[in-house]
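Chemist: If you scroll down you'll find the structure; I have some questions about it.
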2 protein chains.
Amino acid sequence: MPLAVVFPESTQHVSQCVKILAAHNLAIVPRGSGTGLAGGSVVYNQGVIICTTRMSQIHKVDIENRVAIVQAGCRNLTLTDAIACTGLRFSPDPSSQRASTIGGNVSTNAGGINTLKHGVTSNHILGLEVVLPDGEILQTRTHQCYDGIGPDLPGLLCGSEGILGIITRVWCRLVPDPKAFRTIYAVFKTNHDACKTVADVIACGIVPTSMEMMDGKMIQVVENAFHFGFDTTAGALLLIEVDGVDEILDDEMNQIIAIANENHAMDIEFCADAARRAELWAARKKTFGAIGRISRSYCTMDACVPRSKLPEVVQRVTEIGAKHDLQINNVFHAGDGNIHPILLFDEDDAAQVQRVMQASEEILEYCVTIGGTITGEHGVGVEKLAMMHVMFNKPTLKMFLDLKKAFDPKQMLNDAKLIPSDKLRIDLHQPPGSSEHPLTGNFTKNSPGGAL
Amino acid sequence: MPLAVVFPESTQHVSQCVKILAAHNLAIVPRGSGTGLAGGSVVYNQGVIICTTRMSQIHKVDIENRVAIVQAGCRNLTLTDAIACTGLRFSPDPSSQRASTIGGNVSTNAGGINTLKHGVTSNHILGLEVVLPDGEILQTRTHQCYDGIGPDLPGLLCGSEGILGIITRVWCRLVPDPKAFRTIYAVFKTNHDACKTVADVIACGIVPTSMEMMDGKMIQVVENAFHFGFDTTAGALLLIEVDGVDEILDDEMNQIIAIANENHAMDIEFCADAARRAELWAARKKTFGAIGRISRSYCTMDACVPRSKLPEVVQRVTEIGAKHDLQINNVFHAGDGNIHPILLFDEDDAAQVQRVMQASEEILEYCVTIGGTITGEHGVGVEKLAMMHVMFNKPTLKMFLDLKKAFDPKQMLNDAKLIPSDKLRIDLHQPPGSSEHPLTGNFTKNSPGGAL
């Protein structure tokens, strides 16, 4: 529990709060909507939460220079809806976009469905206003034109999970809406065939907007929940979209279909109209919620692997599940190599919980050994703090900590998140479910409304 | 003059050098080919240069994962030529690419002709290996897949001008070569018409690969040097290219031509074949060299302005030139809003030199007041150190310096470049031409081979 939660309404409020809290040596935890899955916005050490949800205004939409200036607490979908009529959009679209704030998207460098082609949040941030741990207000790269001067502070702050400063305003780059789409889904007998299709499409030089994958168990869960019409006997499903200008999309999609057929696709369906396409994406974005129908709790893993290795990764995840006697369902941003194995469990079964934690660790370690990473888009938070040494060598971890201290010499701002701290130690061996345990994020307790 | 110049051949060499120099408290200046234009690789304070030109190997070209791993001293064009047969390319193409190293491109976050559509160097760097000021070797984001974990160190190091570490290896993102081009040049009576065309094209939603501009004086210089066939009575020239897939290029180019005609284009020529296109780009890339024909020395300014304000910027630059009785020729990466006014002078005329410095400062200050920046692509180096306070407020400058110290606590690595130092003060008021003066970069002494 936090000591207090503050809901400032302006940058000046945030600055004043931070100055008061700093004067009293109180730890601060910045928070948006709290949809993060790695415990990054959770209080540990008797801190005060500064929550940005009342800083939700859109200050300016500048069509001519293609930038929207928003307060950090503005929800992603609020901006999207506000500019829908302009023909422009803010590209990052995490599945949490109905709830998550743009400040939070920046802090976790959020991904989403169209990341494969259009990039992550950091590719769409022109400038930031940030309150530093001493209460000073810093504005950087908030000019109207390209500004490549000096250290790239917005780049550094994207994905910094609130350890360097509190983001208060964001200069969002707006890009033209794609003019046309082609959307298909293809079903396969095996995960291997679907994964191979993904690797082959990328290798042939096409960059689809999205290539999303579900395994057979996940298809059944989603079909039972949403009755979309998926073949529940299939072993795997790919959902593929290309966007751009009409003239070239049929050609691109035909190449993709040829590759799927070479990899023994059982069936391919075109989403011919906008309604069917919207239905398909809604089904995809609600997959995590559907898990609530079959399991009391679940733990969503998040890692990235080289796309060429997807087939063996799925195989290895299955083996790790079998070894620990766990059901694992898979839903991937396959085009990005961003995997989300979902480990099902009952939180009242302590032994099973331990097996889930063990299996999770083995999956992440395996991903690193084949050239992958410990997180794709959900961040490190506290959940994966202990895995950072698997990913990075000592000079790099020291460099990260030195950087943290350059912003926050007293280590009062979200300390011991993302980067192992030399000041605050978090006991990662508390049992999950206890209020001290860091895994408050990816361990989701029966929440059918959840979304990733 | 440096105390010594070291030519290491490997990362280990660099690390060993740095450890020895650190033990003797000797200042270090990293340097690639030395083509930088802001004095970033020049020694001031009795330092030792570590020059990467013998670290020129291409370690690996991985087509499947679209990455090339090169030593920092590999020249940009060497990589480009080496992968020409693969259908892939390393996108950044500064005009210095025949000479400049990829490590140097990273350090200045170099731009180039196709920056408008394809982005600057930082958009194309997947990972870096860096020797830190204590000699430790840091590798970051060198994984085979997307790695958005922790502070974005490669992002931070791109454009850091050698003040944080010495870049030794670069993981370069490779992208498919565009399949087709359309290239035109259009001549106009006035700068205003050409600038307005640029602003209108951007506003209508087309993003050309390049939109380059020359003013009337520059057209004459280039035509007299290269006999391309430009109309020397024209007041301004735009060179516009679009790339992508054949099917949509005619449509895009026709829209651009319509906009040029609306803005009173006098004549428009299509570059129908590859040879003519190559000739046109060669003429553009050699513009700076051609200045040597008409002036003993010249000072190239580099700033960015909002594209919508280009017409008034050209007007203001002309007024500042008139006020100080100076000839100013203009060549712009107009599509990016990146202006390069070229101030001609005779270095033996001390009063004229002073007027050039005064006019340069006025141009930069003006650009900042209209929402622009003090540099577009050439960097800050020492040349623009005194202008950093015009661009950034005190908390930001302090943050920059704190970041510098997080990497380099003793401030031994290229100190007092890019960021005003609290340790080393550089006297910016030495007369140019004296060996102490910082403006050794953009002040180019009669060098017809120069290129930007």
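The values are calculated or read from the model by the stated rules, or taken from the named source; none is laboratory data. On a predicted model such as this, the values are computed, not experimentally measured, just so you know. FYI the Cβ positions are ideal-geometry reconstructions off the backbone, even for glycines, and counts take in every protein chain you see.
Chemist: Testing A:MET399 on (1) within 7 Å of another protein chain (Cβ to nearest Cβ); (2) of a type outside the set (Asp, Glu); (3) in contact (Cβ under 8 Å) with a residue 24 or more places away in the chain, one condition comes back false. Which one is that?
Modeler: (3)
Chemist: Residues that are over 30 Å from B:ASN65 (Cβ atoms) and at pLDDT below 90, at least 3 per element: which strands (runs of 3 or more DSSP E) completely within the stretch A:200-294 meet that? Spell out how you get there, then give the answer.
Modeler: On the way: elements: A:210-215, A:236-244, A:265-270.
Answer list for the stretch A:200-294: none.
Chemist: Identify, please: which residue in the stretch A:231-252 is within 14 Å of chain B (Cβ to nearest Cβ) and either surrounded by 15 or more Cβ atoms within 10 Å (Cβ to Cβ) or among the β-branched types (Val, Ile, Thr) (or both) and is, among those, nearest to A:TYR185 (Cα to Cα)? Quick ask: steps written out before the conclusion?
Modeler: From the stretch A:231-252, those within 14 Å of chain B (Cβ to nearest Cβ) are A:242-252; that's our starting set.
Adding the requirement that they be either surrounded by 15 or more Cβ atoms within 10 Å (Cβ to Cβ) or among the β-branched types (Val, Ile, Thr) (or both) leaves A:242-245, A:248-249, A:252.
Values: A:VAL242: 12, A:ASP243: 15, A:GLY244: 18, A:VAL245: 20, A:ILE248: 19, A:LEU249: 16, A:GLU252: 15 Å.
Taking the candidates together, the pick is A:VAL242.
Chemist: Of the residues that make up the stretch A:2-15, is at least one within 23 Å of A:HIS378 (Cα to Cα) and out of contact with any Lys or Arg (no Cβ under 8 Å at 6 or more places or on another chain)?
Modeler: The answer is yes; a qualifying residue exists.
Chemist: Given the conditions (1) in contact with a strand residue (DSSP E or B) (Cβ under 6 Å, 6 or more places away or on another chain); (2) at pLDDT 85 or above; (3) under 22 Å from A:ILE363 (Cβ atoms), report the number of the one that A:PRO432 does not fulfil.
Modeler: (2)
Chemist: Suppose we filter the stretch B:2-33 for residues that are in contact (Cβ under 8 Å) with a residue 40 or more places away in the chain and either among the β-branched types (Val, Ile, Thr) or on the phi > 0 side of the Ramachandran plot (or both); how many remain?
Modeler: 8
Chemist: If B:ALA351 satisfies all but one of (1) under 18 Å from B:VAL201 (Cα atoms); (2) surrounded by fewer than 18 Cβ atoms within 10 Å (Cβ to Cβ); (3) not hydroxyl-bearing (Ser, Thr, Tyr), what's the number of the condition it fails?
Modeler: (1)
Chemist: Whether any residue in the stretch B:326-349 is part of a helix (DSSP H, G or I) and more than 14 Å from chain A (Cβ to nearest Cβ) is what I want to check. Show your work before the answer.
Modeler: Let us first name the residues in the stretch B:326-349 that are part of a helix (DSSP H, G or I), namely B:334-336.
Next, only the ones that are more than 14 Å from chain A (Cβ to nearest Cβ) stay: none.
Among the residues of the stretch B:326-349, not one is part of a helix (DSSP H, G or I) and more than 14 Å from chain A (Cβ to nearest Cβ), which makes the answer no.
Chemist: Quick check: anything in the stretch A:22-32 in contact with a Lys or Arg (Cβ under 9 Å, 6 or more places away or on another chain) and over 24 Å from A:THR375 (Cα atoms)?
Modeler: Yes.
Chemist: Right, something else. Output the qualifying pairs, or none if there are none: Cβ atoms under 8 angstrom, residues six or more apart or on different chains, first residue in the stretch A:343-368 and closer than 17 Å to A:SER295 by Cβ, second residue among the basic types (Lys, Arg).
Modeler: What qualifies is A:PHE345/A:ARG296; A:PHE345/A:ARG355; A:ASP346/A:ARG296; A:GLU347/A:ARG296; A:GLU347/A:LYS445; A:ASP348/A:ARG296; A:ALA359/A:LYS323.
Chemist: Just the residues that are in contact with a strand residue (DSSP E or B) (Cβ under 7 Å, 6 or more places away or on another chain) and among the polar types (S, T, N, Q), please, taken from the stretch B:101-125.
Modeler: Answer for the stretch B:101-125, where residues must be in contact with a strand residue (DSSP E or B) (Cβ under 7 Å, 6 or more places away or on another chain) and among the polar types (S, T, N, Q): B:THR101, B:SER107, B:ASN114, B:THR115.
Chemist: Can you tell me which condition A:ILE419 does not meet? The list is (1) within 24 Å of B:PRO133 (Cβ to Cβ); (2) part of a helix (DSSP H, G or I); (3) touching a residue at least 12 places away in the same chain (Cβ under 8 Å), and all the others hold.
Modeler: For A:ILE419, the exception is condition (2).
Chemist: Of the conditions (1) under 30 Å from B:CYS85 (Cα atoms); (2) modelled with pLDDT of 95 or more, B:LEU174 fails just one. Which one is it?
Modeler: The number of the failed condition is (2).
Chemist: Also, I was wondering about something else. Surrounded by fewer than 21 Cβ atoms within 10 Å (Cβ to Cβ), facing another protein chain (nearest Cβ under 9 Å) and closer than 28 Å to B:GLU241 by Cα: is that true of B:GLY159 in this structure?
Modeler: On the way: surrounded by fewer than 21 Cβ atoms within 10 Å (Cβ to Cβ): no; facing another protein chain (nearest Cβ under 9 Å): yes; closer than 28 Å to B:GLU241 by Cα: yes.
Here the answer is no, as B:GLY159 does not meet what is asked.
Chemist: Of everything in the stretch A:57-90, what is surrounded by fewer than 19 Cβ atoms within 10 Å (Cβ to Cβ) and under 30 Å from A:ALA22 (Cα atoms)? Give them in sequence order.
Modeler: Answer for the stretch A:57-90, where residues must be surrounded by fewer than 19 Cβ atoms within 10 Å (Cβ to Cβ) and under 30 Å from A:ALA22 (Cα atoms): A:GLN57, A:ILE58, A:HIS59.
Chemist: Just wondering, is there one or more residues in the stretch A:77-90 that are on the phi < 0 side of the Ramachandran plot and facing chain B (nearest Cβ under 10 Å)?
Modeler: Filtering the stretch A:77-90 for residues on the phi < 0 side of the Ramachandran plot gives A:77-86, A:88-90.
From the residues that got through so far, the ones that are facing chain B (nearest Cβ under 10 Å) too are A:88.
The answer is yes, given that some residue of the stretch A:77-90 is on the phi < 0 side of the Ramachandran plot and facing chain B (nearest Cβ under 10 Å).
Chemist: Is it the case that some residue within the stretch B:135-145 is at pLDDT 95 or above and either on the phi > 0 side of the Ramachandran plot or more than 7 Å from chain A (Cβ to nearest Cβ) (or both)?
Modeler: Yes, some residue in the stretch B:135-145 is at pLDDT 95 or above and either on the phi > 0 side of the Ramachandran plot or more than 7 Å from chain A (Cβ to nearest Cβ) (or both).
Every residue, every condition in (1) within 12 Å of chain A (Cβ to nearest Cβ); (2) surrounded by fewer than 22 Cβ atoms within 10 Å (Cβ to Cβ), yes or no:
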{"site": "B:ILE102", "(1), (2)": "no, no"}
{"site": "B:THR108", "(1), (2)": "yes, no"}
{"site": "B:GLY119", "(1), (2)": "yes, yes"}
{"site": "B:ILE149", "(1), (2)": "yes, no"}
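Chemist: Now a separate question. Of the residues that sit in the stretch B:6-47 and are assigned to a strand (DSSP E or B) and within 25 Å of the chain's Cα centre (by Cα), which one is surrounded by the fewest Cβ atoms within 10 Å (Cβ to Cβ)? Write out each step before concluding.
Modeler: Start the filter on the stretch B:6-47 by keeping residues that are assigned to a strand (DSSP E or B), which leaves B:6, B:28-31.
Next, from what is left, pick out any that are within 25 Å of the chain's Cα centre (by Cα): B:28-31.
Numbers: B:ILE28: 26, B:VAL29: 23, B:PRO30: 28, B:ARG31: 27.
Result: B:VAL29.
Chemist: Hey, does the stretch A:296-311 have a residue that's over 21 Å from A:ALA38 (Cα atoms) and either modelled with pLDDT of 95 or more or touching a Phe, Trp or Tyr at 6+ places or on another chain (Cβ under 9 Å) (or both)? Break it down into steps so the answer makes sense when it comes.
Modeler: Narrowing the stretch A:296-311 to residues over 21 Å from A:ALA38 (Cα atoms): A:306-311.
With the extra rule that they be either modelled with pLDDT of 95 or more or touching a Phe, Trp or Tyr at 6+ places or on another chain (Cβ under 9 Å) (or both), the set shrinks to A:310.
Taking every residue of the stretch A:296-311 in turn, at least one turns out to be over 21 Å from A:ALA38 (Cα atoms) and either modelled with pLDDT of 95 or more or touching a Phe, Trp or Tyr at 6+ places or on another chain (Cβ under 9 Å) (or both).
Chemist: Continuing with this model, one more query. Out of all the residues in the stretch B:350-389, which are over 19 Å from B:VAL305 (Cβ atoms), of a type in the set (Gly, Ala, Ser) and not in a loop (DSSP other than H, G, I, E, B)? Walk me through how you get there before you give the answer.
Modeler: Within the stretch B:350-389, the subset over 19 Å from B:VAL305 (Cβ atoms) is B:350-358, B:381-382, B:385-386, B:389.
With the extra rule that they be of a type in the set (Gly, Ala, Ser), the set shrinks to B:350-351, B:381, B:386.
Hits for the stretch B:350-389 are B:ALA350, B:ALA351, B:ALA386.
Chemist: On the basis of being within 26 Å of the chain's Cα centre (by Cα) and either assigned to a loop (DSSP other than H, G, I, E, B) or of a type outside the set (Asp, Glu) (or both), does B:ILE50 make the cut? Please lay out each step first, then the result.
Modeler: Details: within 26 Å of the chain's Cα centre (by Cα): yes; either assigned to a loop (DSSP other than H, G, I, E, B) or of a type outside the set (Asp, Glu) (or both): yes.
Against the criterion (within 26 Å of the chain's Cα centre (by Cα) and either assigned to a loop (DSSP other than H, G, I, E, B) or of a type outside the set (Asp, Glu) (or both)), B:ILE50 qualifies.
Chemist: Restricting the search to the stretch A:376-396, which residues are within 9 Å of another protein chain (Cβ to nearest Cβ) and either under 15 Å from the mean Cα position of the chain (by Cα) or not basic (Lys, Arg) (or both)? Break it down into steps so the answer makes sense when it comes.
Modeler: Taking the stretch A:376-396 first, the residues within 9 Å of another protein chain (Cβ to nearest Cβ) are A:376-377, A:379-380, A:384, A:388, A:391-396.
The answer is A:GLY376, A:GLU377, A:GLY379, A:VAL380, A:LYS384, A:MET388, A:MET391, A:PHE392, A:ASN393, A:PRO395, A:THR396.
Chemist: Here is a further query. (1) crowded, with 20+ Cβ neighbours inside 10 Å; (2) more than 10 Å from chain B (Cβ to nearest Cβ); (3) assigned to a helix (DSSP H, G or I); (4) of a type outside the set (Phe, Trp, Tyr): which one isn't true of A:HIS192, the others all being true?
Modeler: Unmet for A:HIS192, out of (1) crowded, with 20+ Cβ neighbours inside 10 Å; (2) more than 10 Å from chain B (Cβ to nearest Cβ); (3) assigned to a helix (DSSP H, G or I); (4) of a type outside the set (Phe, Trp, Tyr): (1).
Chemist: Restricting the search to the stretch B:409-426, which residues are among the charged types (D, E, K, R) and either surrounded by fewer than 20 Cβ atoms within 10 Å (Cβ to Cβ) or within 8 Å of another protein chain (Cβ to nearest Cβ) (or both)? Before the answer, list the steps.
Modeler: Start the filter on the stretch B:409-426 by keeping residues that are among the charged types (D, E, K, R), which leaves B:410, B:415, B:417, B:422-423, B:425.
Of everything in the stretch B:409-426, those that are among the charged types (D, E, K, R) and either surrounded by fewer than 20 Cβ atoms within 10 Å (Cβ to Cβ) or within 8 Å of another protein chain (Cβ to nearest Cβ) (or both) turn out to be B:LYS410, B:ASP422, B:LYS423, B:ARG425.
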